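The values are calculated or read from the model by the stated rules, or taken from the named source; none is laboratory data. Being a predicted model, the structure only gives us computed values, none of them experimental. Glycine also receives a Cβ, built like all others from the backbone with ideal geometry; neighbour counts cover every protein chain displayed. Heavy atoms of the whole protein, side chains included, go into the accessibility calculation; ligands, DNA and RNA do not. Shrake-Rupley method; radii C 1.70, N 1.55, O 1.52, S 1.80 Å.
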Amino acid sequence: MEPSVRAGSRREFLGFLAAGQVLTEKNKVALGGKAEEAIARAASLGRDYTRQYNNCTQAVIAALQDAIEFVPKSGDFFLAGSCLHGGATTTGNANCGGFTGAGIVIGGLCGPTREQASDPTTMKLSTALLQQVAAKFEETYGSVICKDVRRAKAKEKCEEVMARAAAWAAEVILKQFTKGGV
């Protein structure tokens, strides 16, 4: 289904999301030069929410929900992250929770719906955006795997990792979906 909103007003853009539509590369909204502020806020909230929730995945999800006005405030996103922190295993052999939280939000914004999932082209945008976040993890920590990130950040607390994860995801999201980008 082709989106009904492309480069419309903020109200149209938010209404589009509220109607349960997923975003495409054509959807754009004007933030009035507030993208950098939203990225900084995502980082700050990522740090704070890691301490508050003691769950890295939920910290990044909540940070993105509260820092970027068009990220749905769905409790389902937050709930989905409840068991995915700390590498989703006691061994840390799976993805970093911050990376996973970024993926949940990106997928929720522009991933394919269940009806669209049989068409592999519908996941191109969400995959491309998450790959950009993965590249930041690889560049900084050498991996997206929890135990590797923990080892690489030995002098850094997870709060700082989540601050970066939230900021990187916010930057990628805002670059894609705002007029003029970041």
Odd one out for GLY97, checked against (1) of a type outside the set (Ser, Thr, Tyr); (2) touching a His at 6+ places or on another chain (Cβ under 7 Å); (3) closer than 20 Å to LYS26 by Cβ: (3)
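Among the residues of segment 127-138 satisfying the criterion of being closer than 19 Å to CYS56 by Cβ and open to solvent by 40 Å² or more (accessible area, probe 1.4 Å), which is farthest from the chain's Cα centre (by Cα)? Give the steps one after another, and end with the answer.
Step one: filter segment 127-138 for residues closer than 19 Å to CYS56 by Cβ, giving 130, 133-134, 136-138.
Next, only the ones that are open to solvent by 40 Å² or more (accessible area, probe 1.4 Å) stay: 130, 136, 138.
Working: LEU130: 8, LYS136: 13, GLU138: 16 Å.
Here the answer is GLU138.
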Leading residue by the ranking (farthest from LYS157 (Cα to Cα)) among those in segment 39-83 that are buried (at least 23 other Cβ atoms within 10 Å of the Cβ) and among the small types (Gly, Ala, Ser): ALA67
Residues of segment 35-75 satisfying the condition of being under 16 Å from CYS110 (Cα atoms) and free of Cβ contacts under 8 Å to residues at least 40 places away in the same chain: LYS73, SER74
Filter result (among the small types (Gly, Ala, Ser) and either touching a Lys or Arg at 6+ places or on another chain (Cβ under 7 Å) or on the phi > 0 side of the Ramachandran plot (or both)) within segment 110-142: GLY142
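Would you mention how many residues in segment 43-62 are of a type in the set (Phe, Trp, Tyr) and more than 21 Å from LEU174 (Cβ to Cβ)? Show your work before the answer.
Start the filter on segment 43-62 by keeping residues that are of a type in the set (Phe, Trp, Tyr), which leaves 49, 53.
Retained after the next criterion (residues that are more than 21 Å from LEU174 (Cβ to Cβ)): 53.
Counting residues in segment 43-62 that are of a type in the set (Phe, Trp, Tyr) and more than 21 Å from LEU174 (Cβ to Cβ) gives 1.
Would a scan of segment 114-126 turn up a residue that is within 20 Å of GLU171 (Cα to Cα), at pLDDT 90 or above, open to solvent by 40 Å² or more (accessible area, probe 1.4 Å) and more than 11 Å from the chain's Cα centre (by Cα)?
So in segment 114-126, the residues within 20 Å of GLU171 (Cα to Cα) come out as 123-126.
Adding the requirement that they be at pLDDT 90 or above leaves 124-126.
Filter once more, keeping what is open to solvent by 40 Å² or more (accessible area, probe 1.4 Å): 124.
Checking which are more than 11 Å from the chain's Cα centre (by Cα) leaves us with 124.
Yes, segment 114-126 contains at least one residue that is within 20 Å of GLU171 (Cα to Cα), at pLDDT 90 or above, open to solvent by 40 Å² or more (accessible area, probe 1.4 Å) and more than 11 Å from the chain's Cα centre (by Cα).
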Cβ pairs under 6 Å, 6+ apart, first in segment 156-172 and modelled with pLDDT under 95, second of a type in the set (Lys, Arg) and open to solvent by 40 Å² or more (accessible area, probe 1.4 Å): GLU159/ARG47
